[in-house]
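Remarks on the structure that follows.
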Amino acid sequence: MTQDRAAAAPCADAARRASTDARRVTFARSRRVLAVLASLFGGACADPQPQSLPPREQTVVDSLFAPFARPGAPGASVLVVRDDSVLVHRAFGLADVDAGVAATTQTNYRLASLTKQFTAMAVLQLVERGALSLDQRARTVLPELPGYAEGVTIRHLLTHSSGLRDYEDFVPDTQHVQVTDADALRLVSTRADRLLAPPGTVWSYSNTGYALLALIVERAGGMHFADFLRERIFLPLGMTRTVAHVEGRDTVPHRAYGHTVDAGGVRRTDQSATSAVLGDGGIYSSTADLLKWDGALTAGGVVGDTLWRAATTAYTLANGTSASYGFGWFVETHLGRRRLRHHGETRGFTNAISRYPDDRLTIIVLTNRSDSAPWEIADRLASLYLR
């Protein structure tokens, strides 16, 4: 990909900053990451342009995203990348319906539970440094946890096998004051008197685990969780438009606002009482930045191979059955291929990511409307590109 000198200069500056960050953060594997990003971006800052789609593929993509392309409709951004080639990278509809702002590939959507893969990798970076261990008991870092959680380890939190109740069970629909990660710890410590099951015996999806993991990262990493993500992951990877959003503390560039579409029309429904919890769903990002994240995961540039294998291996419960979940990823088989995936749902946003590591194919669909099913779109695209 050829870029003019004016476009290349800012990118060179960004690369130098990333390299400096990577040297300072010794566990960032900058060379492999930069090599993959260079292959995707051709050494320039401009987002890589997808290949021209064959007519049949173009028809499929247009059909799948037709509901988002209607006038006045909330939008979507889609990325399909295979090996080092961007096959599809497009946006449809509006990032902000009220203001009439179009969605682009740089639009930042609230990732909801796609955040969990970042939280997990932050934990693993601290494990790699020796600041934490996977089988360390959570109460050694969070002594506020009640005694009934004594046997819960960091591995249990990562794999949704802790037995802790979901803090959202204790947040009434009528609540308007937003809860935080610290509030999630308080809620499960004061509102529940027992675990749902002994740790490691039952898989039960719970946002509590990832809210607690954010607090663990803060205490073991010595900085605010949002700062840890920015300094240790986002900036070294050049994800300059991605932010773990804290209202009043930062801003979200190119922000998409959440919407609901129903018989009454389109209305903004952007925040809920749990939107301020960071560890389980608080990151805003774009398909352009997630392309860099995907490249870093492919290059092994976030954590070492051993920890990455652990993150992408389904946890085995005490009875020997598979939980079909690793660290921030569902681990399963789809279309006869190994797949790592996650979905994300929160007020006004629905998202999906599917990675087929053996095929080196990744599909990401981000939307700012709560009535869509981007996981179904991702499955349709997988059927198209895995034939």
### Task
Taking 7 Å along the Cα-to-C-beta vector as the label spot, tell me the T321-R191 distance in nanometres, rounded to one decimal.
2.8 nm
### Query
In degrees, nearest 10, range 0 to 90: what is the angle between the Cα axis of helix 207-221 and the longest Cα principal axis of the chain?
90 degrees
### For the chain, calculated [θ]222 nm from helices alone, where every DSSP H run of n ≥ 4 adds -39500 (n - 2.57)
-10000 deg cm²/dmol
### Query
Just R56, R70, R186 to compare: in a GNM of the chain, with alpha carbon springs under 10 Å, which one fluctuates most?
R56
### Message
Give the separation of the Cα centroids, the stretch 213-233 to the stretch 245-289, in Å.
### Response
21 Å
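Using only the Cα atoms of the chain, what semi-axes does the equivalent ellipsoid have when each is the square root of 5 times a gyration tensor eigenvalue? Give whole Å, largest first.
Values: eigenvalues 203, 123, 86 Å².
Result for the chain: semi-axes of 32, 25, 21 Å.
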### Task
Please name which of S85, A314, Y257 has its Cα lying farthest along the dipole of the chain towards the positive end, using unit charges on Cβ (Lys, Arg +1; Asp, Glu -1) and the Cα centre as origin.
S85
### Task
For the chain, calculate the relative contact order in percent as a whole number, restricting contacts to Cα pairs under 8 Å that are 6 or more residues apart.
22 percent
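So between D83 and E150, what do we pick up on full extension, going 0.36 nm a residue minus the alpha carbon distance? Walk me through the numbers before you get to the answer.
Working: separation 67, 0.36 × 67 = 24.12 nm, distance 4.41 nm.
Length difference between fully extended and current span is 19.7 nm.
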### Task
Would you work out what percent of the accessible area of the chain, with all protein chains in place, is carbon or sulfur (probe 1.4 Å)?
50 percent
### Message
Only Cα pairs within less than 10 Å get springs; with that Gaussian network setup on the chain, which residue of G336, G75, G304 has the largest fluctuation?
### Response
G336
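How many Å² of accessible area per residue for the chain, probe 1.4 Å? The partial results should precede the final answer.
Details: 15570 Å² over 387 residues.
Normalised by residue count, the accessible surface of the chain is 40 Å².
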### In Hz, Karplus ³J(HN,Hα) per residue of the stretch 360-375 (6.51, -1.76, 1.60; θ = phi - 60°; x = Gly, Pro)
6, 10, 10, 10, 10, 10, 10, 9, 10, 8, 8, 9, 9, 10, x, 5
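The values are calculated or read from the model by the stated rules, or taken from the named source; none is laboratory data. Quick caveat: nothing in here was measured; it's all calculated off a predicted structure. FYI the Cβ positions are ideal-geometry reconstructions off the backbone, even for glycines, and counts take in every protein chain you see. Ligands, DNA and RNA are stripped out before the accessible areas are found, and what is left, the full protein with its side chains, is counted by its heavy atoms. Shrake-Rupley method; radii C 1.70, N 1.55, O 1.52, S 1.80 Å.
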